[in-house]
Ligand code: CP
């Protein structure tokens, strides 16, 4: 079963294959499913980029899209995640894309459902397709991960993006550094070394900023937000000290003027909208991979 739940489960070789396939789609390759295939999207948390780039990817591959509105579904009557996914499988979904606020929600599904699960984000846990689109964006820029220095800055503790990326980048030969307020350090993440943002700015090839995840913070506790931008954000002054050729990334949505100065969101170093564009190609590759392991899913490769 070609689930995609975490970056840990992918070997270097599998990551390379997914990125190669995604790059083919980015370069204009067309592939349509030869069979009628249904893809269900089940989002228990808000999403713009992940949800709609999965949907765009599904439509580009010629799949039939089932968007489950959690707020208008029987989830509201207390139906469990497991029963909801079993129901989608029973009515003909061939693959399901899930975002859920609970870390590792997928553990209650693995081995119990008969269709591939693609994780579109689990709580503070993992965001594998975000990581893959970030890797594609970095690969397009630098053509290798070996020896790259990557700084990940901000709300490390609550970030599934930081967790997935730090692990994947380390596996691929990059060196990862974290910069974070004390309260948002994550000592359980072994894939990065902490340094101050001002120390990292002139040294890193990639500066990845993270969204401040207000929805995952305890009310009244933690970081003082009024000085966040000056202390921990990418200001216009800091950008001027960045290494020549280095790039700025952010998974978005961006809190403009908080993690990054408004004027820098679309500056020449920024790859933020490129990341979103690459999200469609990566999700096409991940869907195609998932369906290639499904009975009646995808019979053969036809690129045009
Ligand atoms: N980057 C990301 O996951 O964005 P969405 O929450 O809009 O999907």
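Read the figures in this text as sums done on the coordinates, not as results from a lab. Keep in mind the model is a prediction, meaning the values are calculated, not measured. All Cβ positions, even for glycine, are placed from backbone atoms using ideal geometry, and neighbour counts span all protein chains on display.
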Go ahead and set up a Gaussian network model of the chain, Cα springs under 10 Å, then flag whichever of 76, 130, 20 fluctuates most.
76
Two decimals is fine: what is log10 I(q)/I(0) at q = 0.11, 0.16, 0.17 Å⁻¹ for the stretch 138-272, from a Debye sum with one equal scatterer on every Cα and no solvent?
-0.35, -0.75, -0.86
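To make sure I understand, if each residue's beta carbon is the centre and we count other beta carbons within 10 Å, what order do 77, 59, 32 fall in, fewest to most?
The fewest-first ordering by Cβ neighbours comes to 77, 32, 59.
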Under Stokes-Einstein, the chain at 20 °C and 1.002 mPa s, with its Kirkwood radius over C-alpha pairs, diffuses with a coefficient in µm²/s of 108 µm²/s
Expressed as an acute angle from 0 to 90° and rounded to the nearest 10, what is the orientation of the C-alpha long axis of helix 81-90 relative to the principal long axis of the chain?
40 degrees
Cut-off 10 angstrom, C-alpha nodes, Gaussian network model of the chain. Which of 33, 164, 74 fluctuates the most?
74
Under a crude label model (7 Å from the Cα following the beta-carbon direction), how far is residue 27 from residue 230 in nanometres?
5.0 nm
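Tell me whether the stretch 110-207 comes out rounded, prolate or oblate; compute the Cα gyration tensor, take square roots of the eigenvalues as a ≥ b ≥ c, and use a/c under 1.5 as the rounded threshold.
On the way: a/c = 2.55, a/b = 1.39, b/c = 1.83.
Oblate is the answer for the stretch 110-207, as a/c is 1.5 or above yet b/c matches or exceeds a/b.
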Go ahead and estimate [θ] at 222 nm for the chain from helices alone: -39,500 (n - 2.57) per DSSP H run with n ≥ 4, summed, over the residue count, rounded to 500.
-9500 deg cm²/dmol
For the chain, find the longest principal axis of its Cα atoms and tell me its angle to the long axis of helix 12-26, 0 to 90°, nearest 10.
80 degrees
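Mean 1/r over all different Cα pairs, inverted: what Kirkwood radius does the stretch 1-113 give, in Å? If you can, show how the numbers build up before the last one.
Details: mean 1/r = 0.0642 Å⁻¹.
It works out to 15.6 Å.
Give the order of 21, 9 when sorted by the count of other beta carbons within 10 angstrom, beginning with the fewest.
On the way: 21 20, 9 11.
Ascending number of Cβ neighbours within 10 Å: 9, 21.
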What angle do you read, to the nearest 10 degrees and between 0 and 90, between the alpha-carbon axis of helix 49-60 and the longest principal axis of the chain?
40 degrees
Identify which of 132, 118, 148 has the largest mean-square fluctuation in a Gaussian network model of the chain, with springs joining Cα atoms closer than 10 Å.
148
Taking a ≥ b ≥ c as the square roots of the eigenvalues of the Cα gyration tensor of the stretch 3-48, is the shape rounded (a/c under 1.5), prolate (a/b larger than b/c) or oblate?
oblate
Take 194, 105 and order them by how many other Cβ atoms sit within 10 Å, fewest up front.
194, 105
